[in-house]
Amino acid sequence: MFHAGRPLEAASSARSPFYPVPNASVPSHDEPRLELRSLFKSFGGKPVVEDASLSVRPGSIHGIIGRSGAGKSTLLRMAALLETPDSGVALYGGTPVSGLAGRDRLLARRRAGVVFQSFNLFASRTAAGNVAFPLESAGVPKAAVRERVAMLLDLVGLADKADRPVGRFSGGEKQRVAIARALVNRPEILFCDEATSALDPETTRSVLDLILSLRDRLGLTVLMVTHQMEVVRRACDDVAVMEAGRIVETGTVESLFSSPRTRSAKRLVAGLLPLEAEELEDGAVCRLRFSGASASQPVLSRLSREFPVEVNILRGTIHKVGGSRSGELVVTFQGDDPAIKAAKSWLTAQGIVVESTVVGETDHA
Amino acid sequence: MLELLDLLIRPTLETVAMVAASTLAAVLLGAPVGLFLYLIAPGGLSERPALRRVLDRAINALRSFPFIILMIMLFPLSRILIGTSIGTAAAIVPLAIAAAPFVARLVESALSELDRGVVDAAVASGATKARIALAILLPEALPSLVSGLSLTVINLIGYSAMAGAIGGGGLGDLAVRFGYHRFRLDVMTAAVLVILVLVEGAQAAGNAAVRRIKSMR
């Protein structure tokens, strides 16, 4: 049986943390597994999605990024057959699925699974009951349901908590149950609507790693809506940037990061936080915390005058807390080790908290 | 004292039977209508705006009818269904018909309170509307449905006392006949106290059931 822990680590470490490598096992000339053709949708006369077209390669994870209100969730809901487009069509593996009715629409929905931001689990059921529902609805015999549910819960690492009511799970566990429920019908496509937006950075990482590993194991094609650039960076192969209801830019994640063309794409890339400390070659990344008087002093310019050390600011924030200012800078020092050491102790003497290792920087988007 | 107890037993049982039977009938009549109202509402799983408006008006009209008038109007129906328009069994007909639209509204509002996302999740799984309604929506709404049920029972206890006053039997009948016509303040007080106990009991049982359901989630 598959255990969640090890293959997940293998899957994530095999990928570059910055530029995910597109799944090499999939021939790129294949017909798209999911295609959206010129979708339009308006609510109350107000256009929400306009002329959105997208094609998703089989086995790839395709991100849709944009700010809130850009129309990305509506686009995903049309693709997932939760919303009917005003015009345009979604195709699964070349078959049009928009505008179907009755049994055909139910069957099309079973070809896709959906994971939501707020998990949307059934509170009246246990974890196993949640995962079982799509199968029960498809008329699968009871014994087969039990077996498949146990397998899926094992796949997401919750085999030991099958009979627990879902209200007692943590956010990350809830999303794992939701992922198992979405995949229990063996769908070809997984839709993730801000699936990690309600989770803390660490849980976000583990859920993304789970989705990556499931993609590899089950040959899924994934469409992932998010407003977090970190999610795109960590999980996606391709990405579409949406603004004001339109897809303004599409391409590989690599091309978006290295040469963003549109203003919104540039803004998204610029808003991205610096790399984690361990990803930088010299380990001299420091977090400096200023508070009270030290926050209003020109400390850094004095530092570079008095010590043979260059300071490179990676990122900075300043807060006003109850009338006094407090700030935080993430910097790298360049210079001799003794000089850097002297500079750091001088900073400490100025009332600044100096932390040498910066961890968990990437997920505060 | 013994005489008082003797007087109370039969009407109390009549009231309990009247309320139980009419609650059951009201739920059977009203709950499907409530579910239907929810499903055909704008944004629901099977939108039918025109039909919805018609049903809405009909339910409001029925609910705004004074119960005492409704009861008199339904005498002929009681006679057809039960064979008489007098007595405890006959009173069940107007009681159920008066409570059914109330139940429909309670069911509709309990379902409307459900998180839209939970409905999305059920829809996305490719289940039929009937299965979504029965296997997900109603169980998810169970706490609100149960507290709505205790509200229905309490309302029906009140209505049944009114029904008693015009020939329906039960505690209302007792209170009016002895307390009002014969100036037996003790009987009237005792009848009112028993009604109070029944109402409190229904409320407490409902609350306990809701707590129990929630504690299992």
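Summary of values
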| read-out | value |
| --- | --- |
| Failed item in (1) more than 30 Å from A:Leu199 (Cβ to Cβ); (2) modelled with pLDDT of 80 or more, with A:Lys266 passing the rest | (1) |
| Some residue of the stretch A:156-163 being crowded, with 17+ Cβ neighbours inside 10 Å, within 12 Å of another protein chain (Cβ to nearest Cβ) and touching a Phe, Trp or Tyr at 6+ places or on another chain (Cβ under 8 Å) | no |
| Residue satisfying all of: in the stretch B:42-95; part of a loop (DSSP other than H, G, I, E, B) and among the aliphatic types (A, V, I, L, M); modelled with the highest pLDDT among these | B:Leu45 |
| Of residues in the stretch B:129-140 being buried (at least 23 other Cβ atoms within 10 Å of the Cβ) and of a type outside the set (D, E, K, R), the one nearest to the other protein chains (Cβ to nearest Cβ) | B:Ile136 |
| Restricting the stretch B:147-173 to residues that are surrounded by fewer than 20 Cβ atoms within 10 Å (Cβ to Cβ) and under 30 Å from B:Ala41 (Cβ atoms), the residue that is farthest from the other protein chains (Cβ to nearest Cβ) | B:Gly158 |
| Residue selected from the stretch B:79-125 under the condition within 14 Å of chain A (Cβ to nearest Cβ) and of a type outside the set (A, V, I, L, M, F, W, C), by the criterion nearest to B:Ile166 (Cα to Cα) | B:Glu113 |
| Among (1) within 14 Å of chain B (Cβ to nearest Cβ); (2) crowded, with 23+ Cβ neighbours inside 10 Å; (3) within 20 Å of the chain's Cα centre (by Cα) - the single one A:Ile61 does not satisfy | (1) |
| Residue satisfying all of: in the stretch A:301-324; among the hydrophobic types (A, V, I, L, M, F, W, C) and under 36 Å from the mean Cα position of the chain (by Cα); farthest from A:Ala342 (Cα to Cα) among these | A:Val321 |
| Some residue of the stretch A:126-133 being touching a residue at least 60 places away in the same chain (Cβ under 8 Å) and in contact with an Asp or Glu (Cβ under 6 Å, 6 or more places away or on another chain) | no |
| Single match in B:Pro32, B:Pro76 (criterion: farther than 16 Å from B:Ala161 by Cβ and under 16 Å from the mean Cα position of the chain (by Cα)) | B:Pro32 |
| Number of the exception - B:Gln203 against (1) in a helix (DSSP H, G or I); (2) away from chain A (no Cβ under 14 Å); (3) of a type outside the set (A, V, I, L, M); (4) exposed (fewer than 13 other Cβ atoms within 10 Å of the Cβ) | (4) |
| Of residues in the stretch A:130-145 being more than 12 Å from chain B (Cβ to nearest Cβ) and part of a helix (DSSP H, G or I), the one surrounded by the most Cβ atoms within 10 Å (Cβ to Cβ) | A:Val145 |
| Index of the failed condition, B:Leu55 passing every other in (1) under 21 Å from the mean Cα position of the chain (by Cα); (2) more than 14 Å from chain A (Cβ to nearest Cβ); (3) under 26 Å from B:Val199 (Cβ atoms) | (3) |
| Answer from A:Arg176, A:Arg205 - the residue that is more than 9 Å from chain B (Cβ to nearest Cβ), buried (at least 24 other Cβ atoms within 10 Å of the Cβ), part of a helix (DSSP H, G or I) and not polar (S, T, N, Q) | A:Arg176 |
| Which numbered condition A:Arg246 fails, given (1) outside the structural domain of A:His62 (by TED's automatic domain parsing); (2) of a type in the set (D, E, K, R); (3) at pLDDT below 95 | (3) |
| Residue satisfying condition, being in contact (Cβ under 8 Å) with a residue 24 or more places away in the chain, assigned to a helix (DSSP H, G or I) and farther than 25 Å from A:Leu91 by Cβ, within set A:Leu121, A:Leu199, A:Leu152 | A:Leu152 |
| The stretch A:104-122: number of residues that are surrounded by fewer than 19 Cβ atoms within 10 Å (Cβ to Cβ) and under 13 Å from A:Arg164 (Cα atoms) | 0 |
| The stretch A:95-118, subset charged (D, E, K, R) and touching a residue at least 60 places away in the same chain (Cβ under 8 Å), residue nearest to the other protein chains (Cβ to nearest Cβ) | A:Arg110 |
| Failed item, numbered, when A:Leu275 is tested on (1) closer than 22 Å to A:Glu202 by Cβ; (2) at pLDDT 70 or above | (2) |
| Subset tally (residues that are in contact (Cβ under 8 Å) with a residue 60 or more places away in the chain and either over 13 Å from B:Val19 (Cα atoms) or assigned to a helix (DSSP H, G or I) (or both)) for the stretch B:159-200 | 22 |
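The values are calculated or read from the model by the stated rules, or taken from the named source; none is laboratory data. Every value quoted in this text rests on a predicted model; they were computed, and no experiment measured them. So basically every Cβ, Gly included, is an ideal-geometry build from the backbone, and we count neighbours across all protein chains shown.
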